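Remarks on the structure that follows.
No value in this document is a laboratory result; all are computed from the given coordinates. Worth saying up front: this structure is predicted, and the values here are computed from it rather than measured. Using ideal geometry, Cβ is built from the backbone for each residue, glycine included, and neighbour counts are taken over all protein chains shown.
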Amino acid sequence: MKNDIMLQEGNEKMELLQKKNIILGCKPKDKETVIKDVGNLLYQSGYVEESYIDGMLEREESFSTYIGNGIAIPHGVEEAKKRIKHSGISIMIFPEGTSWDGNVVYVVIGIAGMGDEHLDLLSNIATKLSEEEAVQRLIASDVDTIYEIFTGKE
């Protein structure tokens, strides 16, 4: 996978991230609602079947998708991969933070990765947001800047 996050699925090209799937200024909510919201963005954009969201909630029950540094990356369990139509991500920014298993999360990135692509997605996101400064920049950014950070294009 290249440094920028974009893939082709079959004959159809579908960007991994669409600007409409970057939601800024989110207000704190309970974790389950946030997972449903970030999953619904993936569903509404055609990346996943609606039932994939249940797989995201199931994943969270088995282990937290909080990865540190104010970031959570909810994604579906292995079984839910059958419900992915295209690899994709959705991003919600919580400037005030939201509670996630006793941690404060500012950036929630929902992912749906076909096959083993979810590992590439997780790795790419973790690399891009490994520094606290990068996370702070993301929180303070506009949609266009966040899109550019994740896709490598403007």
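Considering the stretch 113-130, and only residues there that are in contact (Cβ under 8 Å) with a residue 12 or more places away in the chain and assigned to a loop (DSSP other than H, G, I, E, B), the residue that is surrounded by the fewest Cβ atoms within 10 Å (Cβ to Cβ) turns out to be G115. Filter the stretch 32-53 for residues that are over 14 Å from the mean Cα position of the chain (by Cα), among the charged types (D, E, K, R) and closer than 24 Å to G102 by Cβ and give the result. Result: E32, single match. Taking the stretch 85-102 as the range and being surrounded by fewer than 16 Cβ atoms within 10 Å (Cβ to Cβ) and either charged (D, E, K, R) or at negative phi (or both) as the test, the residues that pass are P95, E96, S99, D101.
Scanning the stretch 26-74 for residues that are hydroxyl-bearing (S, T, Y) and part of a helix (DSSP H, G or I), we see that the one that is farthest from V143 (Cα to Cα) is S62. Within the stretch 54-84, the set of residues being within 14 Å of the chain's Cα centre (by Cα) and at positive phi comprises just one member, G70.
Note on the stretch 17-51: residues that are over 13 Å from I89 (Cα atoms) and touching a residue at least 60 places away in the same chain (Cβ under 8 Å) total 9.
Right, V107: within 21 Å of K19 (Cα to Cα), free of Cβ contacts under 8 Å to residues at least 60 places away in the same chain and not polar (S, T, N, Q) or not? Judged against the criteria, V107 is a match.
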